[in-house]
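Heads up, the thing below is written out as structure tokens.
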Amino acid sequence: MLHYIIRRVLWMIPTMLGILLIILGLLHAAPGDPAMQILGIGGGGGGEMTQDGADIEARLAKFKRDNALDRNFLVQYLGFLGPFNVKPDGHELFGGDGRNPWGGFLVLDFGTELFDKNKQIGDEIRHRLVEVTLPLALMSTFLIYMIAIPIGIFSANRAGSRLDKLLTLLLFILYSVPVFWAGLMLILAFGKGGLGWLPVIGLHSRGADELEPWPYFVDMAQHFILPVIVTTYGGLAYISRQMRSGMIEVVHQDYIRTAKAKGLGSRAIILKHALRNSLIPVITIFASILPIMIGGSVVIEVVFDLPGMGKYMYEGLLTRDFNVIMATMTLLGAMTLLGILLSDIAYAIVDPRISYS
Amino acid sequence: MTKVMDGEPAAESAPTTGPRGATYSKDYWDLVFDQLGRNRLFKLAAVVLTLLYASAIYAPLIANDRPYVLEAANYAEYNKAWRTLYPASLGLGSVAKKTPEEYLAGRTEGSDLSYAQALENERMAVETQLATMKLYLAAERAAALDALLGDVEELVALAAGTAEARSDEDLERIKEQHGAIKDQAKAVRAEYEARDPEAEAPEAATEPEGATESVGLELQGIRSYPMFESIAAWESFFMLLWLALMSWPLWNRFWNRALLGGDRERIRRARRQKLAATLAFSLLGALLWGQFVGGSSSLNLAPYKQALTEGEIVETQALFPPVPYGFAEAHSTELYRPPTWTSESEIDEEGYYARGPRRAEPDAVTGFMPSANPVVVRFGESERNAASRHWMGTDSSGRDFLTRMLWGGRISLSVGLVSAFLLVIIGTIIGAVAGYFGGWIDLLISRFIEVVLCLPALLLIMMAAAFVDPNLIPPIFSIVILIALIRWTGVARLVRGEFLRLREAEFTLASQALGFSSARTIFLHILPNAMAPVLVAGAFAVAAGILTESTLSFLGLGIQEPMPSWGSLINDSKSSEHWWIQVFPGFLIFVTITCYNQVGDALRDALDPKMKKH
């Protein structure tokens, strides 16, 4: 078992290197000079270049030099990976002046924002993850399981009935609702324009800082309701489908027939015998759901204007902030990798039929 | 679409055709289509998708600012020609009366025209005016103009013929001829004045012709087909193709019964012929269309529609599509106007909203009333407050939203389809190579797929899309390419799995033993047997593609103005005041995705041999 875990962890290293390679490679492969995109100059506007063309050229060159964008691909790759800093103030090995030799993801240094050198990306991400994105994802995951498992069991018990068909169809339709549209429709329905029941924008109401702890919490909880619903419904539909099919499969097993034959009540059969075994695949999805949710948080946080990590990445995309994008994407990749590892290990622990070799 | 292949109609007739029907056994595709035909939800989804695609393909016929048929007389153009005719005839005379030497001495500085050329120019000037006038005149009136033209040509011939050596007699004849022309031109000027279009326009329809005669001539309209002229050959290809597909149940039944006698074997063999016939029909039609009708409209719409509105051009017949707006046609006085069937959308004559949140009220303190722009109703459009004016409201530039949605469907739906097609091809090839050859190639590809799968595809596409220079590659292409480049991994894994299974199969071994090349074995023998799961994945990929494009465009990273796509339309306003902007396109996205998922689900059930219920 330990062997298996160690091997899996070791496999993560090349995979992580590959992830970084793909992100950076894609950014470089995109037609158009990233530096020009970042500075908002654009490749096509030749006519505007004439007047202060030299100025723009100089700005571009300085910008590229300062952010090591003029280095070749491998050096840039190393710069993001670490442990060396390859910028002008970086390690002497890469032509820097040695003031700031170490950097990169390996030493957990995500650098600073391109346009605000005082803002550490690492701090910003930690704040946003802990305060918005993770609570949102955890709450939704909890809700998904709380609702999806009973629905799945219920559906499987009545497989083929009209109610089951209706439920399946409803969940199927729910699964197809675009996330951003669901958010917008909820805002329309519950926001000021509609019923006016819930706040729809941001994390706190205006002036919430002066509230007592309890009202402050209630205010925040109210702001969280709609985003949690939107984060939940898709996964809910998916997991309950899994649960239903898993349950149906288990119910047809021999040992369930044995349990029936010896006269156990259907309740006992389901809860004691069938449920445990059908839960295995559903539970092991858990670890991989979390990164998916964090990845999907971009849209939700933009729609509801929540200051989370997804929003951070989106803002990075709008301002073409190379560093923010690299940091958030790499983190997401790492989280996904970790999630897959955890779910594989969980599977291996729970199901003794899985071999570790 | 549901009966796309020869499923049910012939199955019903099978018992009546006697012994042949009885010996018939169903092949794989018969079973698949039987299964699909029994799935009611699939049928519904297929019908909805067919209609959605129809609305996108036929968008130019449904929503367009060009009329189907327009019969109109351009009074401004006629009047200009009518006014210019007499001066032009004088100009001709002044050149004709001169000898070449006199002309060369007197010609304007910088002009390098020879005498013959100048003469020809003057003749052309007169002829152009006459031709323009003849366009709008009845045949019996044209006779006088023809006579004038004949005289003019005579004069030119005379002047040119005697240019080298001109006697006094010749000059006399020229003067005489020119005098006749001048008289005729004067007469035309007196008799051929058109009626004043602006003054008479409202009455023109009701007054009998005799009444208007006294004021001026009633011009004849010219008939044109501006919309059909604007439809390009490729558009007509898809229109014909879709027509053939939608009418499939009809002509398929005829083909099966009348031509094939209801014989299952022959029907089965005719599948490819039917497909080929459909394609050939559309292609041929499109070629003919491109050759003789479409894609050649030089009509400039903006001034033309304004001239019609202002009465410079007067129509005698105009037939507009149900939604008479262009997809980029802005109405600057109707920004963010709610759907016109709602009460909040009512606008009074001055341009103020009568009720609802936009109702204008004087400022509480100063009593200042915000200024308003009266609604401009252009030619062919519905009345100011008619429900049909803007069924689905307008956007930030006052463009009709229904029109935008119809045209946006073209982009949204095709992005989904094309990206799915591309990613299936990429995934199939890579998966086939990995599964067939195995070994280190397989290891490399599998590892790569694993790595790509670790990253959320949507974010990866977003990231790359943000850094593609839209000046180098239009966003619509870059999105399609990016989706295909990043999402092929799922299909590749599927195909790889199938190939791992099938490469040990007997038919593969047989193919290898016969010495066929790897490519032949892969593409002709294994692939057809591995396509079923790929088809299912393809259907889901279309849904995912549409969702990706709309999400991207919604976030402002996809399709850019003025191109409409359903996602970018929602991006137009996130304010809950403008609910129509968020509800309608989003609903279309949702319906499309649901339908494609349903189709994928049904296909999976139908294609899976284990699920066959017999």
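Here are the numbers for the structure shown:
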quantity: Residue list for region A:154-174, filter: hydroxyl-bearing (S, T, Y) and within 14 Å of chain B (Cβ to nearest Cβ); calculated: A:T168
quantity: The one condition in (1) more than 21 Å from B:Q582 (Cβ to Cβ); (2) touching a residue at least 24 places away in the same chain (Cβ under 8 Å) that B:P370 fails to fulfil; calculated: (2)
quantity: Sole exception among (1) surrounded by 14 or more Cβ atoms within 10 Å (Cβ to Cβ); (2) in contact with a helix residue (DSSP H, G or I) (Cβ under 9 Å, 6 or more places away or on another chain) for B:P357, by number; calculated: (1)
quantity: Residue check for A:G339: away from chain B (no Cβ under 13 Å) and touching a residue at least 40 places away in the same chain (Cβ under 8 Å); calculated: no
quantity: Condition broken by A:M139, with the remaining ones in (1) more than 14 Å from chain B (Cβ to nearest Cβ); (2) over 23 Å from A:R244 (Cα atoms); (3) not aromatic (F, W, Y) satisfied; calculated: (2)
quantity: Failed condition for B:F477, given (1) touching a helix residue (DSSP H, G or I) at 6+ places or on another chain (Cβ under 9 Å); (2) part of a helix (DSSP H, G or I); (3) within 27 Å of B:S568 (Cα to Cα); calculated: (1)
quantity: Yes/no for B:D442 being of a type in the set (D, E) and more than 27 Å from the chain's Cα centre (by Cα); calculated: yes
quantity: Helices (runs of 4 or more DSSP H) wholly inside region A:212-326 containing at least 2 residues that are on the phi < 0 side of the Ramachandran plot, buried (at least 16 other Cβ atoms within 10 Å of the Cβ) and among the hydroxyl-bearing types (S, T, Y); calculated: A:213-251, A:275-303, A:309-318
quantity: A:I201 vs. criteria in a loop (DSSP other than H, G, I, E, B), within 11 Å of chain B (Cβ to nearest Cβ) and among the hydrophobic types (A, V, I, L, M, F, W, C); calculated: yes
quantity: Region B:577-605 - residue that is more than 10 Å from chain A (Cβ to nearest Cβ) and of a type in the set (F, W, Y) and, of those, farthest from B:V536 (Cα to Cα); calculated: B:W580
quantity: Unique match (being part of a helix (DSSP H, G or I) and touching a Leu at 6+ places or on another chain (Cβ under 6 Å)) among B:R266, B:R272, B:R253, B:R257; calculated: B:R266
quantity: Count - residues of region A:313-331 that are of a type in the set (S, T, Y) and either closer than 17 Å to B:L557 by Cα or facing chain B (nearest Cβ under 7 Å) (or both); calculated: 2
quantity: Restricting region A:122-133 to residues that are more than 14 Å from chain B (Cβ to nearest Cβ) and touching a residue at least 40 places away in the same chain (Cβ under 8 Å), the residue that is farthest from B:I589 (Cα to Cα); calculated: A:G122
quantity: Counted residues, region A:172-185 - those being farther than 26 Å from A:G310 by Cα and buried (at least 18 other Cβ atoms within 10 Å of the Cβ); calculated: 0
quantity: Condition met for B:W289 (at pLDDT 90 or above and under 25 Å from B:F320 (Cβ atoms)); calculated: yes
quantity: Scan of region B:389-405 for residues that are crowded, with 24+ Cβ neighbours inside 10 Å and part of a helix (DSSP H, G or I), ordered by number; calculated: B:F401, B:T403, B:R404, B:M405
quantity: Any hit, region B:558-576, residues being touching a Lys or Arg at 6+ places or on another chain (Cβ under 9 Å), within 10 Å of chain A (Cβ to nearest Cβ) and either at pLDDT below 90 or in a loop (DSSP other than H, G, I, E, B) (or both); calculated: yes
quantity: Members of region A:230-261 found to be of a type in the set (A, V, I, L, M, F, W, C) and under 30 Å from A:L184 (Cα atoms), listed by number; calculated: A:V230, A:L236, A:A237, A:I239, A:M243
quantity: Matching residues, region A:191-248, being touching a helix residue (DSSP H, G or I) at 6+ places or on another chain (Cβ under 7 Å), farther than 24 Å from B:V583 by Cβ and of a type in the set (A, V, I, L, M); calculated: A:L203, A:A208, A:L211, A:I239, A:M243, A:M247, A:I248
quantity: Residue count for region A:186-198, restricted to those that are away from chain B (no Cβ under 11 Å) and surrounded by fewer than 16 Cβ atoms within 10 Å (Cβ to Cβ); calculated: 2
quantity: Filter result (closer than 23 Å to B:M124 by Cβ and loosely packed, with under 15 Cβ neighbours inside 10 Å) within region B:155-175; calculated: B:A157, B:G161, B:E164, B:K175
quantity: Within region B:528-557, tally of residues that are among the small types (G, A, S) and more than 12 Å from chain A (Cβ to nearest Cβ); calculated: 7
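Yes/no matrix, rows are residues, columns are (1) more than 14 Å from every other protein chain (Cβ to nearest Cβ); (2) at pLDDT 90 or above; (3) touching a helix residue (DSSP H, G or I) at 6+ places or on another chain (Cβ under 9 Å):
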{"site": "B:T428", "(1), (2), (3)": "yes, yes, yes"}
{"site": "B:W440", "(1), (2), (3)": "yes, yes, no"}
{"site": "B:P456", "(1), (2), (3)": "no, no, yes"}
{"site": "B:L459", "(1), (2), (3)": "no, no, yes"}
{"site": "B:A465", "(1), (2), (3)": "no, no, yes"}
{"site": "B:N471", "(1), (2), (3)": "no, no, no"}
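The values are calculated or read from the model by the stated rules, or taken from the named source; none is laboratory data. Everything numeric here is computed off the predicted structure, so don't read it as measured data. Using ideal geometry, Cβ is built from the backbone for each residue, glycine included, and neighbour counts are taken over all protein chains shown.
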